[in-house]
Each structure stands twice: as structure tokens, then as C-alpha cells.
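J.: This is the structure I want to talk about, given as C-alpha cells.
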Amino acid sequence: MNNTVYDAFRCLKLLSSGNRALGIREMGRTLELDSAKVTRLMQTLLSLEMVEQDIRKKYSLGMGIHQLSARAIHNSTFYSAVLGMLEEIGSHSVSIVVGILSGKNVTYLIHTRGGKSIARAIGNYESYPIHDSVIGIKLLSAMSDEEIVARIGVHDHNLLKNDIQEARRHQVFEKVYSQTDYRLACIIPGMQAAIALSNIQGDKLNIDSFRQFLMTAAQKISRGSFPIL
């Protein structure tokens, strides 16, 4: 592994995780890196316009990284497939989420919020604990118990064991989080990602239609991301 490249990405990931600029020392403490090394990395990233420096000599993401993100999303067959699916179904009160595992958390790549524009759904990158996400539980269910323990530890595995077993039994995993929040999740075929519905309220007689919608949406995203040649 190239440690310099690895640490540069760690710096960018740290800067992208908050909404404030960070100084060299704070970044070094957080990442357990020598301040001199962080300085060298920031100077390189600054020259590439991946970061920018303010008058306090603190760093935040630069226009170069935003340009890279925009191009990546624009040219991504995955995002094209997801956005096509969202545009097809339009806006409604139920939230639609696409997420992946990131350590002990779930990171949302797409998160619609009832009634709001599709544009606001793109690239949320919010993170939530696995135990608080049907996406996290469903993705864990595709792993062996040994892999799950290695990722989240024995204690958390025991806490989620019943949910994981339930998720393994059904293509669509269902869980009640509150009287006004019924959630469903389905793995997107061929990907380490899942799509979910949340904020399902009221009459649960429609659960069958929601379940079918999720399976159909997952298939559409999979086909759109991996077109037949």
C-alpha cells in the first residue's frame, strides 16, 4: 500500500465529514499523523486544487474535489440508474434511501425526503450506526457471522442477531422503529449496496406494494448499473 496516497485520502475524507475548516494540528491529532506530514500532504492537495486554505491557514475541500465529484456522478452508471428510477416514480411522502456499509456505520448515497426535490437527494453521505438502519442490517445479513463479528464486534453482533437472521430469511427485510416509522430494505443485486423505504406511516396494508416496489427498484438499478453487453 502506498502510505502517502492512503493518508492523502484520509485527509480528504476527514475534511469531507464536517462543515468547517480544519488546521494542520487538529487533522494530525485526529488522524494520528505527524504535523509535518499533514503539511506536506496539504501542500500537494492545495496545488491540485483539491483543498483550499483560508486566512486562518485552515483547510477545507477545494473546487478541484467538487469538480471531480460532479464528473464522477455525471458519468456514473449507478447514479444514472438511481436517478432515472427516482424521476420515474416522482415525489411522495415515503423516503427512499440507497446506502452502503462504511465501517460500523451506514453511509447514505441517496436520501430523498418526502416532497422535496430529487436534486436534494443526491450525495447526502450522511452516516448512521448500523443498528439504526435497515440497510445496515440487510447488508450484514449477506455476510457470514465471522465477517460480521470482525466488522462490528461480538457484542453488537449479539444485539443484532435476531434481526440479521430475519433479514436472511426474506428478500425484503422489514422492521418497525416506531408507530410512525416502518422501514423496508432490499439488497441491490450485484452490489454491496441496498435500497430502503422509511417513514412509512398509517395503513400497513400497503406493505405488499412497498415490498414489490423495492424489489423492482433494486432490479432496475442493478440492470442500469451493469448493462447487458
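The values are calculated or read from the model by the stated rules, or taken from the named source; none is laboratory data. Small disclaimer: the values here were computed from a predicted structure and weren't measured. In this analysis, Cβ positions are derived from the backbone assuming ideal geometry, glycine residues included, and neighbour counts consider all displayed protein chains. For accessibility, only protein heavy atoms count, side chains too; no ligands or nucleic acids. Shrake-Rupley method; radii C 1.70, N 1.55, O 1.52, S 1.80 Å.
J.: Residues that are of a type in the set (Ser, Thr, Tyr): find the strands (runs of 3 or more DSSP E) completely inside region 1-115 holding 1 or more of those.
T.: Output list reads 59-61, 95-102, 105-111.
J.: Sticking with this one: With the structure loaded, tell me whether residue 138 is at pLDDT 90 or above, open to solvent by 50 Å² or more (accessible area, probe 1.4 Å) and part of a helix (DSSP H, G or I) or whether it fails that test.
T.: No, not satisfied.
J.: Continuing with the same structure: Please tell me if residue 41 is at pLDDT 95 or above and either in contact with a Phe, Trp or Tyr (Cβ under 9 Å, 6 or more places away or on another chain) or surrounded by 15 or more Cβ atoms within 10 Å (Cβ to Cβ) (or both).
T.: Taking the combined requirement at face value, the residue satisfies it.
J.: In region 15-25, how many residues are within 24 Å of residue 107 (Cα to Cα) and crowded, with 16+ Cβ neighbours inside 10 Å?
T.: Number satisfying all stated conditions: 3.
J.: Which of the residues spanning region 4-19 are closer than 14 Å to residue 126 by Cβ and at pLDDT 90 or above?
T.: Within region 4-19, none qualify.
J.: If the Cβ limit is 7 Å and pairs must be 6+ apart or interchain, which residue in region 60-81 that is over 30 Å from residue 219 (Cα atoms) and open to solvent by 60 Å² or more (accessible area, probe 1.4 Å) pairs with which residue that is at pLDDT 90 or above and not in a helix (DSSP H, G or I)?
T.: The qualifying pairs are 63/49.
J.: Restricting to region 1-22, name every residue that is under 19 Å from residue 46 (Cβ atoms) and hydrophobic (A, V, I, L, M, F, W, C).
T.: 5, 8, 9, 11, 12, 14, 15, 21, 22
J.: Next question. Of all residues being at pLDDT 65 or above and under 24 Å from residue 176 (Cβ atoms) in region 107-120, which is most open to solvent (accessible area, probe 1.4 Å)? Just the residue, please.
T.: Selected residue: 113.
J.: Do we find that residue 128 is at pLDDT 85 or above and outside any loop (DSSP other than H, G, I, E, B) in this structure? Steps first, please.
T.: Numbers: at pLDDT 85 or above: yes; outside any loop (DSSP other than H, G, I, E, B): yes.
The answer is yes for residue 128.
J.: On to the next question. Enumerate the pairs (first residue in region 155-169 and in contact (Cβ under 8 Å) with a residue 40 or more places away in the chain and part of a helix (DSSP H, G or I); second residue anywhere and loosely packed, with under 13 Cβ neighbours inside 10 Å and polar (S, T, N, Q)) with beta-carbon separation below 6 Å, excluding pairs fewer than 6 apart on the same chain, so at least 6 apart or on different chains.
T.: Going by the 6 Å Cβ cut-off, there are no qualifying pairs.
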